[in-house]
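The values are calculated or read from the model by the stated rules, or taken from the named source; none is laboratory data. What you are looking at is a predicted structure, and each value in this text was computed from that prediction instead of being measured. A quick note on method: Cβ atoms are made from the backbone with ideal geometry, for glycine too, and the neighbour counts reach across all protein chains shown.
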Amino acid sequence: VGGEDRRGLLLLLVLVLLEGTVLPLGAASSPDTSHQDPQSGDHNSGDESHHRNESKKVFPVLSVDYKHVKVPFEISLWVLLASLMKLGFHLVPRLSNIVPESCLLIVVGLVVGGLIKLAGEKVPPVMDADVFFLCLLPPIILDAGYFLPIRPFMENLGTILMFAVVGTLWNAFFIGGLLYAVCQIQPANQTGLSLIGLLPCLLFGSIISAVDPVAVLAVFEEIHINELLHILVFGESLLNDAVTVVLYHLFEEFAGAGTVTLTESLLGVISFLVVAVGGVLVGAIYGILTAFTSRFTSHTRVIEPLFVFVYSYMAYLSAEMFHLSGIMALIACGAVMRPYVEANISHKSHTTIKYFLKMWSSVSETLIFIFLGVATVDGPHSWNWTFVTVTVILCLVARVIGVVVLTYFMNKFRIVKLTTKDQFIIAYGGLRGAIAFALGFLLNKDHFPMREMFLTAIITVIFFTVFVQGMTIKPLVDLLAVKKKQEAKRSINEEIHTQFLDHLLTGIEDICGHYGHHHWKDKLNRFNKKYVKKCLIAGERSKEPQLIAFYHKMEMKQAIELVESGGGFKLPSAVPSTVSMQNIQPKKPPPTKPVDRALPQLPKGREEEIRKILRTNLQKTRQRLHSYNRHTLVADPFEDGVSDLLLKKQKMIELEKKIKQMNTYLTVPAAAPDSPTMCRARLASDPQSYNVKPASDRVPTIQVDLASPQSPDSVNVMDEFTRAGQGDEDQGLMMKPSRKPGEEDRAKDQQKLTRCLSDPGPSADEDEDEPFLP
């Protein structure tokens, strides 16, 4: 790291030396004609020639004109310094694991600003509000909006809006009101705290209350927090821009006018809606224009990334021109254009957009923190211990109270509740950053004489949140065992199940008559598929289902990773791939030699044997699992009548054992030849009306208690052969012949078939000529 520091400092010293020597060098390298006499026309031609020879200089071989390239040269120096510092921090892993990168960059800015001061030079106004809002902030917000995870963002949109709108309003009025009270408690002294009015305090509260997206990105990406907490805090930092802009302009106007009326307050509320909704609409319009333009770029792939950057920047500038929320315009533009643009552009253009946005956002973020340190050294400052200390304490207290109270109400409506650990991370992750400093820098000193004290307090809060909270949040996440982000690649299986659950929940909502967010999401997807895609996506990609498009994207990504890993030469070239992110007609591949099979060649006999085994086993019906019923469920030991249930269960188990041990089975009797359908109908409707004529004396009789046909205790099965001396328990359920002749005749006349227990087939002990029931 020391080498990079010395190199950066050497470049700065060269810059200072060049600034000191540019004037004499410029004077020496340019012809001097200022001493010419205006009355030289009165002299003769010889004297004129003599004077021209004396004023003529030797042609300069080397000349320096630093003022001509001063601005771009200094910009390049700052970018180079930021890049070298960012590179140097990652060369020392131990340092980057302990201290966040944002803290180190601020320290570098402090060092550079201090060296410029020691050199006796004026510190350049690097942290100018126009430079920050028009050049440094847009790349960071565009990168966040273009790669914003839409699904978790929309699923938690209600919670994010509560934190962004209600939470920011609470912080602004709580901090501003209590600061005004503290200033009034202080006696009138030289600091003049008692002279600060309510409106300036509320204006300061609106500036310092908003969570900064740059600081949140810088810290949360290093600790790898889980997706839910990251989208809640980062989404809040993005959407609270509308509240901050409205409150800033509102209190600035009120502080200049000195009075506030009810009408102006109502207009302020309407202005908030206009700023927020207007910014989203401007961004959505430019996003649709970008997607529509990308539909016609199939012949000029080179300029495809240019449309994405230019349209996005125009959306931001258009929103700022009408004092709308530029941040929300960029977020909406990036989120709207991405699915359609990626379906139209080539894969190379997609890669260009991705890495250019990441590069620019990283450089802008680095410059912001360095410029923050340089501006801190530049000053001027007005330190007041009471005001600064109370500001820091109130920021922490207001953040904790707001998060706890809002989470208490939101957990009543959330399916996934926010735990106490989650609330602590959300409250502790409310970092302030350069947006607050830039808004404070824009204050007019004539209207706000305490501007310097406000800036000092803002810088103190930024340093406290970035250094103290930013450095301690990672150990606290590890200490509390907060769930971290899992780097898992999305699979086609996950996408299938996600879409299946979406359709299932939509169907459930339609059946219940509850039109929830799944219902409206399905309506929006249908409208998008039916109308929007046909207008914004070119070719057949507009008709491609979402699942197929995701599969193509995953296959392309997997193929690229395989080629980059060095395994691409093993791919069979005879297998064509239709996967592409661009509308390019692939040429027919030339005929190639047949590739070797991945599996070894099997003999014909072995292959036929495998097929026979598979065919036999796959067609065999398997009954290996017992089905659950009310008799086999485990009884609750605390339920009434548990002993009866256990006894019945034990009897069922014993009955099943006896049935398995039976050696003689019954066979389903053949139906009557005259009318089998009528026989079954009569038997099902009224068993007493069907009289069966026995064909033999040895006919087994089945008697079933009709009152409870499902009870196993009511079944009495008699064996067709008389077997004396054998107990029922030893031989199971045996068939016993009737012993009394009278009863036997009546049984033959009125015998009824009411139930057959099973049909396992004829037993081996039965005679084939044994008569059965008709």
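So the values come out like this:
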read-out: Options 61, 111, 107, 71: the member that is loosely packed, with under 14 Cβ neighbours inside 10 Å, at pLDDT 50 or above and under 22 Å from residue 131 (Cα atoms); value: 71
read-out: Residue in the stretch 428-444 that is surrounded by 15 or more Cβ atoms within 10 Å (Cβ to Cβ), at pLDDT 90 or above and part of a helix (DSSP H, G or I) present; value: yes
read-out: Filtered residues of the stretch 450-493 (kept if surrounded by 13 or more Cβ atoms within 10 Å (Cβ to Cβ) and not in a helix (DSSP H, G or I)); value: 450, 482, 483, 484, 485
read-out: Spans of helices (runs of 4 or more DSSP H) in the stretch 494-566 with at least 3 residues more than 21 Å from residue 157 (Cα to Cα); value: 533-536, 546-564
read-out: Condition met for residue 386 (buried (at least 18 other Cβ atoms within 10 Å of the Cβ) and either touching an Asp or Glu at 6+ places or on another chain (Cβ under 9 Å) or touching a residue at least 60 places away in the same chain (Cβ under 8 Å) (or both)); value: no
read-out: In the stretch 248-271, the residues that are under 21 Å from residue 329 (Cβ atoms) and touching a Gly at 6+ places or on another chain (Cβ under 8 Å); value: 250
read-out: Flag for residue 212 being acidic (Asp, Glu), touching a residue at least 12 places away in the same chain (Cβ under 8 Å) and in contact with a helix residue (DSSP H, G or I) (Cβ under 6 Å, 6 or more places away or on another chain); value: yes
read-out: Members of the stretch 250-267 that are hydrophobic (A, V, I, L, M, F, W, C) and under 37 Å from the mean Cα position of the chain (by Cα); value: 250, 251, 266, 267
read-out: Boolean, residue 147 is closer than 30 Å to residue 371 by Cα and crowded, with 24+ Cβ neighbours inside 10 Å; value: no
read-out: Answer residue from the stretch 471-528, given it is acidic (Asp, Glu) and under 18 Å from the mean Cα position of the chain (by Cα) and is farthest from residue 542 (Cα to Cα) among those; value: 487
read-out: Per-region count, the stretch 222-235, residues within 13 Å of the chain's Cα centre (by Cα) and either at pLDDT 90 or above or assigned to a helix (DSSP H, G or I) (or both); value: 9
read-out: In the stretch 412-427, the residues that are among the polar types (S, T, N, Q) and either in a loop (DSSP other than H, G, I, E, B) or crowded, with 19+ Cβ neighbours inside 10 Å (or both); value: 419
read-out: Checklist (1) surrounded by fewer than 13 Cβ atoms within 10 Å (Cβ to Cβ); (2) farther than 30 Å from residue 193 by Cα applied to residue 532, failing item; value: (1)
read-out: Selection within the stretch 127-144 - among the β-branched types (Val, Ile, Thr) and surrounded by 23 or more Cβ atoms within 10 Å (Cβ to Cβ); value: 140, 141
read-out: Residue within the stretch 286-293 that is under 30 Å from residue 422 (Cα atoms), at pLDDT 90 or above and not charged (D, E, K, R) present; value: no
read-out: Which numbered condition residue 120 fails, given (1) part of a helix (DSSP H, G or I); (2) out of contact with any Gly (no Cβ under 6 Å at 6 or more places or on another chain); value: (1)
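Let's see how each residue does on (1) surrounded by fewer than 22 Cβ atoms within 10 Å (Cβ to Cβ); (2) farther than 23 Å from residue 445 by Cβ; (3) not basic (Lys, Arg):
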residue: 161; (1), (2), (3): yes, yes, yes
residue: 164; (1), (2), (3): no, yes, yes
residue: 200; (1), (2), (3): no, no, yes
residue: 204; (1), (2), (3): no, no, yes
